[in-house]
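Scroll down for the structure; my scribbles are underneath it.
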Amino acid sequence: MNIGVVGLGLIGGSMAKSIKSRTANTVYGIDTDKETMLFARMSGAIDGTLDENTIGESDIIFIAIRPNAAINWVRENAHLINKNTKVIDLCGVKRIVCESIAPMAKEYGFCFIGGHPMAGKERGGFVNSTDDLYAGASMILTPDASADLTTLEMLKDLFTDIGFAAVTFSTPEEHDRIIAFTSQLAHIVSSAYVRSPQAQKRRGFSAGSFRDMTRVARLDEDMWTELCLADSDHLVEEIGVLIKHLSQYRDALKDGDADALKALFKDGREKKATAGGN
């Protein structure tokens, strides 16, 4: 197959590298940064440029740029996309993207499916992309009623080939509601935590706990502002829940209530065991 990748940063670059190293497919890529395009060609991550000719020759196009940019790219290039092409965005939010692109796909006759690979790093860019970023990860797809079973099975086989351990199906609404808690809230908490004046006085006093809490504070503020605002309703709700829980710990400490504090720690430990994960 011919596979196009729009955006060759961490996510798109890793998608291109994974496809090239693990399958026999041809990859066309495009990025606004000329240096990135040069590196992608020199490293063998892409076979050529995704342009007005190769867009129409692509069987699949992955869009790995920010939500608003993804919507604009489809708007500007929809007339070039073949009716047999499957377009999958890889954005971190789904409602705004799917609500905008799905009508264009219907108008121009191509298949569009929302997607979100559950993998990443603190540092972005093509230079940090790898061909094993998706090894063992979950790929979330949010197909609507127009997506046929044959297409979904083909995509599942491709994602399995490039290393994904599972393909999870969801709706854009469910995706954004859950991702507000599992991803966006974690980045906000990490950012807020490291803004404490104590963070600058930590030398010699920090270990794994500080490192784990601050890891994702090293973020791209432009991208995360766009993602969080696109999911602000769910995120505001989750922040409210967190503030309520933090208040319980604060009150137990203020009152010197060991039993209450112990009960909170116990409840958190048990919920972590039930939730699973690392």
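The values are calculated or read from the model by the stated rules, or taken from the named source; none is laboratory data. Quick caveat: nothing in here was measured; it's all calculated off a predicted structure. Reconstructed Cβ throughout: ideal geometry from the backbone, glycine too, with neighbour counts over all protein chains shown. Protein only, heavy atoms only, side chains kept; ligands, DNA and RNA dropped before computing areas. Shrake-Rupley method; radii C 1.70, N 1.55, O 1.52, S 1.80 Å.
Just going by the charge dipole of the stretch 212-251, with Lys and Arg at +1 and Asp and Glu at -1 on Cβ, which of His234, Gln248, Met223 is farthest out on the positive end? After comparing all options, I get Gln248. Extension gain for Gln248 to Lys266 (0.36 nm times residue separation, less C-alpha to C-alpha distance): 5.1 nm.
With 21 Å as the limit, the listed pairs Lys121/Lys156; Lys121/Lys201; Lys94/Lys244; Lys20/Lys106; Lys94/Lys156; Lys17/Lys86 have Lys121/Lys156; Lys121/Lys201; Lys94/Lys244; Lys20/Lys106 beyond it between alpha carbons. How many angstrom lie between the Cα centre of the stretch 217-278 and the Cα centre of the stretch 111-144? Using only Cα atoms to place each centre, the spacing works out to 26 Å. Taking the C-alpha atoms only, the angle from helix 221-230 to the longest principal axis of the chain is near 90 degrees.
For the stretch 76-89, the Karplus equation 6.51 cos²θ - 1.76 cosθ + 1.60, evaluated at θ = phi - 60°, returns couplings of 7, 10, 4, 5, 9, 7, 5, 5, 8, 7, 9, 9, 10, 8 Hz by residue, with Gly and Pro reported as x.
In the assembled protein chains, Glu173 presents an accessible area of approximately 80 Å² (probe radius 1.4 Å). Annotation: per residue accessible area for the chain equals 55 Å², rounded to a whole number [probe 1.4 Å, protein chains only].
Relative to the present Cα-Cα distance, how much length would full extension add between Asp132 and Met223 at 0.36 nm per residue of separation? Show your work: numbers first, answer last.
Working: separation 91, 0.36 × 91 = 32.76 nm, distance 2.31 nm.
Going from the current span to full extension adds 30.5 nm.
The figure for Arg177 is an accessible area of roughly 110 square angstrom, using a 1.4 Å probe on the protein chains alone. Of His245, His175, the order by accessible heavy-atom surface (1.4 Å probe, DNA, RNA and ligands excluded), from most exposed downward, is His245, His175. Think of each Lys and Arg Cβ as +1 and each Asp and Glu Cβ as -1; about the Cα centre, that makes the dipole of the chain roughly 1240 debye. Considering only Gly120, Asn25, Val6, the residue lying farthest towards the positive end of the dipole of the stretch 1-139 is Gly120, judged by Cα position with unit charges set on Cβ.
Applying 0.36 nm per residue to the separation of Asn25 and Glu76 and subtracting their alpha-carbon distance, the gain on full extension is 15.8 nm. Model label sites at Lys201 and Arg215, defined 7 Å from Cα along the beta-carbon direction, differ in position by 2.8 nm. Which aspartates and glutamates, on any chain, are close to Lys34 with Cα under 18 Å apart, when same-chain ones fewer than 8 places away are left out? Within the straight-line limit of under 18 Å, Lys34 reaches these aspartates and glutamates: Asp47, Asp51, Glu52. The figure for Glu153 is an accessible area of roughly 100 square angstrom, using a 1.4 Å probe on the protein chains alone. In the chain, the calculated helix contribution to ellipticity at 222 nm averages -15500 deg cm²/dmol per residue, counting -39,500 (n - 2.57) for every DSSP H run with n ≥ 4.
Computed over protein heavy atoms with a 1.4 Å probe, the carbon and sulfur contribution to the accessible area of the chain reaches 53%.
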